[in-house]
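Here's the structure, in structure tokens; my notes come after.
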Amino acid sequence: EPLLHKAKADSVGDVEMPPLRLRPQPQAGCGNATLWISIGVAVPSSAAATFYNNWLLVEAPYPLLVTLAQLLVLLVCTQVARHTTGLFTAVGLAKDMPWGPYILQLSLVSAALTYSLVLSNVALANIPLSAIRMLGSSRLLWFGIGMLFYGYEPSARSLSIHVAVCAAALVLVCLSSANGGPSGVGIASQIGSDVLGSLVCLAAATCLTKGLGRQASPSTHGPGGPPVLLSMPVVVCHAAPMACVMCFFTWAVAESYDTDWEQVYRVGLPAFVINGFLGFAALLCNAVVAQLAPLPVISLASSATDAIVATGGVAILSEKICWGGIVGMVLGWASSFLYRRSREEPVVQEKGSAVRYARGEWVPQDQVPSMAETGDIVLFTSTPSFTPKGIGSAFVRLGTFATYDHVGLVFKNGGQVFLIESLAEGVSVSQWHHFLEQGWHKDYSRVVLRKLSWPAGGRAGQGGTSFGLRGRATLEAFAEGVKGKSYGLNLCALVCGGSSKGWNDAGRTYFCSEIVAEGYKFLGLLPPKACAARYVPGDFAEGRYLGLPHGASLGSELKIYFPGRWEGFDQAVEFGLRCF
């Protein structure tokens with residue numbers, strides 16, 4: 001199932017909109033027999049792989065050795081299956097990336113995959129199956145936190161509810177499991193495995209899809225070609241070779257000296273091969289479900305696997321289960337289902353200056369000058385990276401629990417659109433077209449426009465002039481006054497409020513959201529006594545209350561599309577929600 005779609009070009013006046021990549025729709029509806037057959041195969045195969053792996057670890061309690069065998073089988077199986085299934089169409093993406101960055105980025109995915117499997121096997125060897133599945137019922141929690149860190153999630157409010165519910169469910173399950181007597185090492189290992197599992201999804205979608213847009217077979221699919229498909233088998237196919245090497249060295253250092261080879265020979269080599277093959281079968285079957293099913297149905301299939309394993313552990317292995325664990329598991333299931341359900345919205349295309357997207361609207365960047373007006377704001381989510389800027393931006397999002405870490409203020413003069421923003425280099429006033437020409441848009445994974453609107457007729461200003469004329473002159477003077485001032489975050493004023501400096505004082509520094517708030521005070525949109533330093537970028541996002549006067553309001557978020565820009569961040573969200 002393609003994870004990226006290209007919409008048909010739409011005409012707005014004489015301007016032809018570029019092709020837009022929209023969110024995927026499942027290939028099979030809920031009433032499709034193929035979907036339910038796939039689920040009927042995936043659920044028992046996943047449960048069987050768990051039970052068999054548990055039996056093997058009881059007979060041969062060597063988690064690293066079992067993991068090494070699993071990875072070797074996965075390496076062979078994925079290399080064979082890539083030539084016989086349609087789930088591996090993205091496997092050739094490495095040729096589109098320089099080998100140095102490819103190896104460096106893939107090492108993160110491989111390490112996360114390796115130690116996710118290792119910790120999962122450690123947990124299987126130390127705690128009951130029912131406890132493992134109860135802990136795993138909240139595993140989407142870690143993916144949600146990862147999305148907040150990377151800046152993928154377009155609705156921090158819906159995600160915050162999911163994170164809170166899943167965190168409460170996880171605490172309940174942990175307390176219930178601890179009272180039942182399982183090893184704390186096993187509980188910590190399972191939680192660590194789930195955390196690394198989310199990292200596999202996020203890192204893989206980020207690292208392995210930068211070659212998207214290359215056509216797989218233009219001769220059969222026309223000049224557009226099919227969009228590239230990324231699936232979990234593709235990730236394993238890329239990462240398994242390096243993962244095998246990592247796991248081998250870890251086993252050689254940590255476990256090989258303590259291995260009872262007579263016990264391993266007694267269990268037999270075929271048992272290890274069968275275990276790896278069952279794991280691959282579960283991986284492949286779940287990938288088919290992820291391809292065909294709507295997001296809520298994926299949650300139901302995952303919950304069914306959890307329920308079968310937990311019930312089997314109690315009925316077959318006589319494991320004890322507490323009511324607190326059952327309640328926590330149900331809460332985790334419900335939260336994951338409702339969160340995925342909230343994102344499964346139909347795509348509707350509308351005529352006009354924007355194309356309706358499932359989680360917002362797309363606006364081609366070349367239409368921004370004709371749409372933007374004085375007082376509009378532009379919100380930014382920085383591209384995730386391990387640079388000081390990327391890490392600082394991530395902490396801004398996490399600290400403010402918001403999607404955005406930067407904001408700028410628009411003013412228009414003579415048909416030219418200018419953006420007032422405070423950057424590390426200081427306050428700048430730049431023309432909009434420089435954003436694309438200088439490649440600044442590549443620093444951000446999401447850029448959205450929110451239009452300032454007033455009641456019909458506008459607001460009367462001094463001398464009877466409309467807000468548009470008064471606001472343009474006012475903001476132009478404001479921009480000239482603050483241009484070149486230093487960048488800075490006043491933590492004391494942010495926490496306590498009450499900055500005594502005027503907007504044009506010589507020593508005044510500005511944080512990005514502070515200068516937007518000061519500009520709104522200048523326009524009379526915020527109270528004169530309001531402390532501009534107490535505003536953060538997330539306060540200007542959709543869903544936050546600013547209390548603008550005189551019927552003024554900020555419109556919905558319009559996502560700005562830049563031609564040729566990789567849209568892998570939206571792909572990463574969809575890939576994770578389908579595979580994790």
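Restricting to the stretch 419-435, and then to whatever is in contact (Cβ under 8 Å) with a residue 60 or more places away in the chain and open to solvent by less than 40 Å² (accessible area, probe 1.4 Å), can you tell me which residue is farthest from Asp505 (Cα to Cα)?
Top of the filtered list is Phe435.
Of the conditions (1) in contact with a helix residue (DSSP H, G or I) (Cβ under 7 Å, 6 or more places away or on another chain); (2) open to solvent by 20 Å² or more (accessible area, probe 1.4 Å), Glu262 clears all except one; give me its number.
Of the numbered conditions (1) in contact with a helix residue (DSSP H, G or I) (Cβ under 7 Å, 6 or more places away or on another chain); (2) open to solvent by 20 Å² or more (accessible area, probe 1.4 Å), the odd one out for Glu262 is (1).
Matching residues to (1) surrounded by 20 or more Cβ atoms within 10 Å (Cβ to Cβ); (2) out of contact with any Pro (no Cβ under 6 Å at 6 or more places or on another chain); (3) modelled with pLDDT under 90; (4) over 15 Å from Leu283 (Cα atoms):
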| position | (1), (2), (3), (4) |
| --- | --- |
| Leu4 | yes, no, yes, yes |
| Ala33 | no, yes, yes, yes |
| Pro44 | no, yes, no, no |
| Thr50 | yes, yes, no, no |
| Leu71 | yes, yes, no, no |
| Pro98 | no, yes, yes, yes |
| Pro101 | no, yes, yes, yes |
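Filter the stretch 292-316 for residues that are more than 18 Å from Pro44 (Cα to Cα) and assigned to a helix (DSSP H, G or I) and give the result.
Leu295, Pro296
It is to be established whether one or more residues within the stretch 117-126 are open to solvent by less than 10 Å² (accessible area, probe 1.4 Å) and at pLDDT 90 or above.
Yes.
Okay, residues lined up against (1) surrounded by 22 or more Cβ atoms within 10 Å (Cβ to Cβ); (2) modelled with pLDDT under 75; (3) of a type in the set (Phe, Trp, Tyr); (4) not in a helix (DSSP H, G or I):
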{"position": "Lys95", "(1), (2), (3), (4)": "no, yes, no, no"}
{"position": "Leu104", "(1), (2), (3), (4)": "no, no, no, no"}
{"position": "Leu113", "(1), (2), (3), (4)": "yes, no, no, no"}
{"position": "Ala131", "(1), (2), (3), (4)": "yes, no, no, no"}
{"position": "Ser138", "(1), (2), (3), (4)": "yes, no, no, yes"}
{"position": "Phe149", "(1), (2), (3), (4)": "no, yes, yes, no"}
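Kindly check whether there is at least one residue in the stretch 55-66 that is in contact (Cβ under 8 Å) with a residue 12 or more places away in the chain, open to solvent by less than 40 Å² (accessible area, probe 1.4 Å), within 13 Å of Asn275 (Cα to Cα) and of a type in the set (Val, Ile, Thr).
Yes; the residues of the stretch 55-66 include at least one that is in contact (Cβ under 8 Å) with a residue 12 or more places away in the chain, open to solvent by less than 40 Å² (accessible area, probe 1.4 Å), within 13 Å of Asn275 (Cα to Cα) and of a type in the set (Val, Ile, Thr).
Within the group Gln416, Gln367, Gln438, which residue is surrounded by fewer than 21 Cβ atoms within 10 Å (Cβ to Cβ), more than 28 Å from the chain's Cα centre (by Cα) and modelled with pLDDT of 80 or more?
Of Gln416, Gln367, Gln438, the one residue that is surrounded by fewer than 21 Cβ atoms within 10 Å (Cβ to Cβ), more than 28 Å from the chain's Cα centre (by Cα) and modelled with pLDDT of 80 or more is Gln416.
Can you spot a residue in the stretch 317-324 that is modelled with pLDDT under 90, in a helix (DSSP H, G or I) and closer than 30 Å to Ile161 by Cα?
There is at least one residue in the stretch 317-324 that is modelled with pLDDT under 90, in a helix (DSSP H, G or I) and closer than 30 Å to Ile161 by Cα.
Please state which of the following conditions Ala358 fails to meet, knowing it meets all the rest: (1) aliphatic (A, V, I, L, M); (2) modelled with pLDDT under 85; (3) more than 24 Å from the chain's Cα centre (by Cα).
Every listed condition holds for Ala358 apart from (3).
List the pairs whose first member sits in the stretch 248-262 and is within 15 Å of Asn121 (Cα to Cα) and of a type in the set (Ser, Thr, Tyr), whose second member is in a helix (DSSP H, G or I) and open to solvent by less than 40 Å² (accessible area, probe 1.4 Å), and whose Cβ atoms are under 9 Å apart, counting only residues at least 6 apart or on separate chains?
Thr250/Leu64; Thr250/Thr67; Thr250/Leu68; Thr250/Thr114; Thr250/Val118
Sort out which residues of the stretch 302-328 are of a type in the set (A, V, I, L, M, F, W, C) and open to solvent by less than 10 Å² (accessible area, probe 1.4 Å), and write them in order of number.
Answer for the stretch 302-328, where residues must be of a type in the set (A, V, I, L, M, F, W, C) and open to solvent by less than 10 Å² (accessible area, probe 1.4 Å): Val309, Ala310.
If we keep just the residues of the stretch 443-487 that are assigned to a loop (DSSP other than H, G, I, E, B), on the phi > 0 side of the Ramachandran plot and open to solvent by less than 70 Å² (accessible area, probe 1.4 Å), which is modelled with the lowest pLDDT?
Gly458
Within the stretch 550-571, which residues are at pLDDT 80 or above and not in a loop (DSSP other than H, G, I, E, B)?
Ser553, Leu554, Leu558, Lys559, Ile560
Please work out which one of (1) under 30 Å from the mean Cα position of the chain (by Cα); (2) modelled with pLDDT under 80; (3) farther than 22 Å from Ala530 by Cβ is the condition Val495 fails and give its number.
Evaluating Val495 over (1) under 30 Å from the mean Cα position of the chain (by Cα); (2) modelled with pLDDT under 80; (3) farther than 22 Å from Ala530 by Cβ leaves (3) as the failure.
What pairs come up if the first residue lies in the stretch 312-339 and is basic (Lys, Arg), the second is open to solvent by 50 Å² or more (accessible area, probe 1.4 Å), and their beta carbons are under 6 Å apart, counting only those six or more places apart or on different chains?
Lys320/Gly180
Quick check on Gly547: is it out of contact with any Lys or Arg (no Cβ under 9 Å at 6 or more places or on another chain), surrounded by fewer than 24 Cβ atoms within 10 Å (Cβ to Cβ) and either on the phi > 0 side of the Ramachandran plot or assigned to a helix (DSSP H, G or I) (or both)?
yes
Here are the criteria: (1) without any contact (Cβ under 8 Å) to a residue 60 or more places away in the chain; (2) of a type in the set (Val, Ile, Thr); (3) crowded, with 22+ Cβ neighbours inside 10 Å; (4) not in a strand (DSSP E or B). Tell me which single one Val410 does not satisfy.
Unmet for Val410, out of (1) without any contact (Cβ under 8 Å) to a residue 60 or more places away in the chain; (2) of a type in the set (Val, Ile, Thr); (3) crowded, with 22+ Cβ neighbours inside 10 Å; (4) not in a strand (DSSP E or B): (4).
The values are calculated or read from the model by the stated rules, or taken from the named source; none is laboratory data. Please read all numbers here as calculations on a predicted model, not as lab measurements. Because the Cβ atoms are built from the backbone with ideal geometry, glycine has one as well, and the counts that use them run over all protein chains shown. All accessible areas refer to the heavy atoms of the entire protein, side chains included, with ligands and DNA or RNA removed. Shrake-Rupley method; radii C 1.70, N 1.55, O 1.52, S 1.80 Å.
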